Every structure is written in C-alpha cells, then in structure tokens.
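I have placed the structure first, in the form of structure tokens, so that the comments after it can refer back to it.
The values are calculated or read from the model by the stated rules, or taken from the named source; none is laboratory data. Just so we're clear, the structure is a prediction, and the values are computed from it rather than from any experiment. Cβ placement follows ideal geometry from the backbone for every residue including glycine, while neighbour counts extend to all protein chains displayed. Side chains included, ligands, DNA and RNA excluded: accessible areas come from the protein's heavy atoms. Shrake-Rupley method; radii C 1.70, N 1.55, O 1.52, S 1.80 Å.
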Amino acid sequence: MRILAIETSCDETAVAIVSMMDGVFTIEKSILSSQAKIHALYGGVVPEVAAREHAAWIFPLMKDVGVSPEGEGIDAIAVTAGPGLVPALRIGVELGKTLAWAWNKPLVAVNHLEGHIYSVWLNTEKPPSFPALSLLVSGGHTEFILMKDHGDYTLLGMTRDDAVGEAFDKVAKMLGLPYPGGPQISREALEGDATAISFPRPMLDSQDLDLSFSGLKTAVRVYLSEHDDISVADVSASFLQAVVDTLVAKTMRAITQTKPVSVILSGGVSANRVLRETLQSSISQLDAEVTFHAPDLSLSGDNAVMIAVAGLMKASRGEYVDPLTLVADPNMRLA
Ligand code: KG4
Ligand code: ZN
C-alpha cells in the first residue's frame, strides 16, 4: 500500500509518500517547508500566520512530491487531524478531505502524537516490540504512554503545566536566544558547566508518572533576576541537566512500574543528544533486557513521513474516516 500524508499541525508544512510492503516502510518522497524563521520574528508560533503559510506552501509541495492530478498510484490519504493549532490543522485536513473525495480514496485521520511514536519504525532493522513504554517530548506535549500493541495506548502520566519543549523555548527567550529554543540551548550547553547552577528536579518525590516544568522555568527566571553577570552557556547546561535528570529518573520509574520490553523516545525534544545518550545508557544498565528506540534525527521534528507510517498502520486495520465529516481536533487524544 502507498499512502500520501499531509502534516500542518504547527509550523512545518510537510507532504510525504510512503509505501508499506510486508511490514517494511519505504520513504518514496518527503518534502517539508519550515516556517520557523517567520515565527522567530514573533518569538513563537502565531497560529494565523502558520495557517497562511501552510495555505501558500501546500500546493507547491504537492506538486513537488509528484502526485498526478488524478492521484494515480496512491492507495490512501493520511492527514494529521490533531492535536495542534486549529487554523493550521484545518489547511491540511481540508486538503486531505478534498483529495479523498475527489479521488475516491480512503482517508485516515492521524493523531500527531501517534505519528511521533511511529517515527521510530523508520530507518531501523529492529523496530520496538510490545509492550513498549513511550516518552513523548515535544513543544506541546510531554507524556508517558504504554503501547501494548499497534493502536493500543494507555496514558500513564503527563506534564501538569508546560511541555518540556515549551520550557526550552521559554528559557531560551529569557536568555535572549531565538525561537525555537531547544536547539539553541543544546548548542549553548555544549560550552557550559552542567553543575554550575543547582536548578530543581521537579516531581521526583511523587510516585506517579506526572511531570512539571513550570517551576523549573521559574527557577531559571529567578536566577537570572538575581544575578547580573550570567553565563548563558552555564545556565543552558544546568537547565538541560535538570530536564534530563528529571525525564530519565521518571522514565526509569515508569520502566519499573510497567516492565516494558522496549522504550521509545520521540517528539522534537528527542533530538537532544544529552537526553538520548543519558536515557540509552541508563536503560542499558538495567538487569532486564529493554531495547531503546529514538528517531533518526531527520525525523525527530514534525514531518509527514511519520504521519504516513502511522496512517499506513491504521489503514492496515481498516481505520478510515468519512471525508465529508472529518473535523480538525486541536485537543485530540491518543489515550
Ligand atoms: O515535535 P516538535 O517538532 O513539534 C511539536 O509537535 O511541538 O517539537 C518542537 C519542540 C520545540 O519546543 C523545540 O524547541 C524542541 O522541540 N527541540 C529541542 C531540540 N530540537 C527541537 N529541544 C531540546 N533539544 C533539541 N535539540
Ligand atoms: Zn510534533
């Protein structure tokens, strides 16, 4: 089966064609147009601006991806239906619905978070086995999800306030670094001392799998207001270390509680090298054999390939939606 996927939930306009044969995925085409530079002017993503940019870019991208006007060779269409920014989501959803109706092809509504999780099924010879514990860390979400099988999700815990990517973006702003802040802080941190400032490791005492990053963000703000001569590199490295320590400690607790055979790290923040390496190394020291999976760096941020893979899996189960009634859902839940 060959699927055409469309992703417009935030600030990347992306289109991809991916095929699945005997459980193996092949990326045939993947095109992405990032609006990050435009939103950097405003210090964050402006939903209406994002929608306008998606509308301007989606047709040139469809042309570049090489689909024929009749949709020949495409078996189904997958589109991100949520969660995300409503005006942005609508551009992709309306296009997906229109194409599905005009071409008379089945339509799959993909949850963006499910897309991130499926990014680890690409470029690998050994995909995760079940049960898999998923730590999803993006600009809008920070969640522990237990995946017992394809399409079978249980929410174990989530952030009670800011998503971890959001905390990176806000701390970067305080430090005068441009949007998106995650890659900037990661770069600054390379030159800094992670033990220079002792920021809090939130929620480590609570036995649940919830997280919180707003207090850590405030601790950085207080530190900056009380010190004149700060080192951006040291603040970045110390903040990053607090985030990594917290996420890794909570993930290890989640492993103890749920006993998975695989751990999946995904979402934009999974691009962070310190987080990847620390988590991988902690998992490798466990007595039980637990495999670790993180996406190829080219697929850690938003893209349409991951939407295609999640879409192909749903299509293989016959989970289609009606192109006349699908509505973008900004709060769409996975579990
Ligand atoms: O998954 P994603 O591309 O979009 C959402 O679905 O939200 O995640 C974007 C988030 C942003 O907050 C960005 O700052 C963060 O991922 N990010 C990083 C890194 N690269 C991107 N955070 C930490 N370290 C990075 N290397
Ligand atoms: Zn995302």
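Numbers for the structure displayed
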| read-out | value |
| --- | --- |
| Selection status of Ile31, within 16 Å of ligand 2 (Cβ to nearest atom), crowded, with 17+ Cβ neighbours inside 10 Å and aliphatic (A, V, I, L, M) | no |
| Near pairs, Cβ below 6 angstrom, 6+ apart or cross-chain, from the stretch 202-222 (closer than 16 Å to Ile185 by Cα) to any residue that is among the charged types (D, E, K, R) | Phe213/Asp162; Lys217/Lys170 |
| So Leu286, is it assigned to a helix (DSSP H, G or I) and either out of contact with any Cys (no Cβ under 8 Å at 6 or more places or on another chain) or within 10 Å of ligand 1 (Cβ to nearest atom) (or both) | no |
| Positions within the stretch 284-298 being within 24 Å of Pro83 (Cβ to Cβ) and open to solvent by 10 Å² or more (accessible area, probe 1.4 Å), in sequence order | His293, Ala294, Asp296, Leu297, Ser298 |
| Flag if Thr325 is surrounded by 15 or more Cβ atoms within 10 Å (Cβ to Cβ), at pLDDT 95 or above and more than 16 Å from ligand 2 (Cβ to nearest atom) | no |
| Single unsatisfied condition, Leu247 versus (1) open to solvent by 10 Å² or more (accessible area, probe 1.4 Å); (2) under 20 Å from Gly181 (Cβ atoms) | (1) |
| Filter pass, Ser129 being touching a residue at least 40 places away in the same chain (Cβ under 8 Å), of a type in the set (Ser, Thr, Tyr) and open to solvent by 50 Å² or more (accessible area, probe 1.4 Å) | yes |
| Residue count for the stretch 103-146, restricted to those that are of a type in the set (A, V, I, L, M, F, W, C) and within 11 Å of ligand 1 (Cβ to nearest atom) | 3 |
| Extreme residue, farthest from Ile264 (Cα to Cα), among residues of the stretch 205-227 that are modelled with pLDDT under 95 and open to solvent by 50 Å² or more (accessible area, probe 1.4 Å) | Asp205 |
| Candidates Val164, Val171, Val110, Val137 - the one that is more than 17 Å from the chain's Cα centre (by Cα), over 17 Å from Val261 (Cα atoms) and buried (at least 24 other Cβ atoms within 10 Å of the Cβ) | Val171 |
| Flag for Val309 being of a type in the set (A, V, I, L, M), under 30 Å from Asn104 (Cα atoms) and either surrounded by 19 or more Cβ atoms within 10 Å (Cβ to Cβ) or touching a residue at least 40 places away in the same chain (Cβ under 8 Å) (or both) | yes |
| Neighbours by Cβ (under 6 Å, 6+ apart or cross-chain): first from the stretch 47-61, in contact (Cβ under 8 Å) with a residue 24 or more places away in the chain; second among the acidic types (Asp, Glu) | Ala50/Asp11 |
| Of all residues making up the stretch 120-139, the number that are in a loop (DSSP other than H, G, I, E, B) and more than 16 Å from ligand 2 (Cβ to nearest atom) | 9 |
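Results for (1) farther than 19 Å from Thr246 by Cβ; (2) among the hydroxyl-bearing types (Ser, Thr, Tyr), shown as yes or no for each residue.
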{"site": "Ser134", "(1), (2)": "no, yes"}
{"site": "Thr142", "(1), (2)": "no, yes"}
{"site": "Gly157", "(1), (2)": "no, no"}
{"site": "Glu166", "(1), (2)": "no, no"}
{"site": "Gln184", "(1), (2)": "yes, no"}
{"site": "Ala196", "(1), (2)": "no, no"}
